[in-house]
Amino acid sequence: MVKIFLDTANIDEIREAASWGVLDGVTTNPTLVAKTGRKWSEVIQDILALVDGPISLEVTTTQAEEMIKQGRQLAKLHKNVVVKIQMTTEGLKAIKALSTEGVRINTTLIFSANQAILAAKAGAKYVSPFIGRLDDMGQEGMQVIREIAEIFRNYDWDCEILVASIRHPLHVIEAAKLGADIVTLPFDVLKKMTQHALTDVGLKRFVDDWQKVPK
Ligand code: E4P
């Protein structure tokens, strides 16, 4: 079953999605935390208290040594923390070092199957291909998911495909059809997944007709 993460740092959205019983985890990044206008540490504590699943927290440094230091600190915060590391050569060094210590890594900013291969080989637990940003520039993001899924099926790697930068519900359907392990969604995409015009029409008819039933 495809796992559903929320791609947000907004606590109200996380609380609402969690109440629907469909939330498996959360991904954050510096941009999402900045949008809240709140202190990083407070946002993170709130998320960790709300969701019992993998919570990706991104390192904000770019040199391997610093990333490793920061990754260790993040991992110590809570058993559910997954350290998010950027797909660079410095990132690969940090992924190797931290994953060898048992820290779970989500490799972010992946835009090609080659990058996913390297991240998985270095020991990442998750690879995050950004499909929406590829679509935005006229390259089919889902093709990268197709390739990674095909490649990962050939090997016994303990690395999950976490489809990121999702823009609409069709992305979710396509990702699930390809067997991606996880989709991380903006709250509005998750909300749209719950909706259908015929559900609204049908519900209205049931409610109206119930009024006509003698009681
Ligand atoms: C992934 O973990 C990222 O936070 C994310 O999905 C980025 O998406 P964007 O292209 O909407 O910024």
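The values are calculated or read from the model by the stated rules, or taken from the named source; none is laboratory data. None of the values given here were measured: they were computed from a predicted structure. With ideal geometry, Cβ positions are generated from the backbone for all residues, glycine too; neighbour counts draw on all protein chains shown. Ligands, DNA and RNA are excluded from the accessible area calculation, which covers all protein heavy atoms including side chains. Shrake-Rupley method; radii C 1.70, N 1.55, O 1.52, S 1.80 Å.
Sort out which residues of the stretch 115-157 are among the aliphatic types (A, V, I, L, M) and either under 23 Å from Leu170 (Cβ atoms) or open to solvent by 70 Å² or more (accessible area, probe 1.4 Å) (or both), and write them in order of number. Ala116, Leu118, Val127, Ile131, Leu134, Met137, Met142, Val144, Ile145, Ile148, Ala149, listed by residue number. Considering the stretch 11-63, the residues that are of a type in the set (Asp, Glu) and in a loop (DSSP other than H, G, I, E, B) include one that is least open to solvent (accessible area, probe 1.4 Å), namely Asp24. The set of residues in the stretch 74-83 being touching a residue at least 12 places away in the same chain (Cβ under 8 Å), part of a loop (DSSP other than H, G, I, E, B) and open to solvent by 30 Å² or more (accessible area, probe 1.4 Å) consists of His78 alone. Screening Gly71 with (1) open to solvent by less than 30 Å² (accessible area, probe 1.4 Å); (2) in contact with a helix residue (DSSP H, G or I) (Cβ under 8 Å, 6 or more places away or on another chain); (3) within 13 Å of the ligand (Cβ to nearest atom) gives one miss only, at (3). Pairs are defined by a Cβ separation below 8 Å, a sequence spacing of at least 6 or placement on different chains, a first member in the stretch 4-24 that is at pLDDT 95 or above, and a second member that is of a type in the set (Phe, Trp, Tyr) and open to solvent by 20 Å² or more (accessible area, probe 1.4 Å); the pairs so defined are Leu6/Phe187; Thr8/Phe187; Asn10/Phe187; Glu13/Phe187; Glu16/Phe187; Ala17/Phe187.
Once the stretch 108-162 is narrowed to residues that are polar (S, T, N, Q) and outside any loop (DSSP other than H, G, I, E, B), the residue that is farthest from the ligand (Cβ to nearest atom) is Asn114. Scanning the stretch 163-185 for residues that are open to solvent by 50 Å² or more (accessible area, probe 1.4 Å), assigned to a helix (DSSP H, G or I) and within 16 Å of the ligand (Cβ to nearest atom) yields Leu170, Glu174.
On inspection, Leu190 qualifies as out of contact with any Pro (no Cβ under 6 Å at 6 or more places or on another chain), farther than 24 Å from Gly91 by Cβ, within 14 Å of the ligand (Cβ to nearest atom) and touching a residue at least 60 places away in the same chain (Cβ under 8 Å). In the stretch 84-98, the count of residues that are among the hydroxyl-bearing types (Ser, Thr, Tyr), closer than 25 Å to Gln139 by Cβ and either free of Cβ contacts under 8 Å to residues at least 40 places away in the same chain or not in a strand (DSSP E or B) (or both) is one or more.
If you go through the stretch 41-65 and keep only what is among the hydrophobic types (A, V, I, L, M, F, W, C) and within 22 Å of Leu185 (Cβ to Cβ), you end up with Val43, Ile44, Ile47, Leu48, Ala49, Leu50, Val51, Ile55, Leu57.
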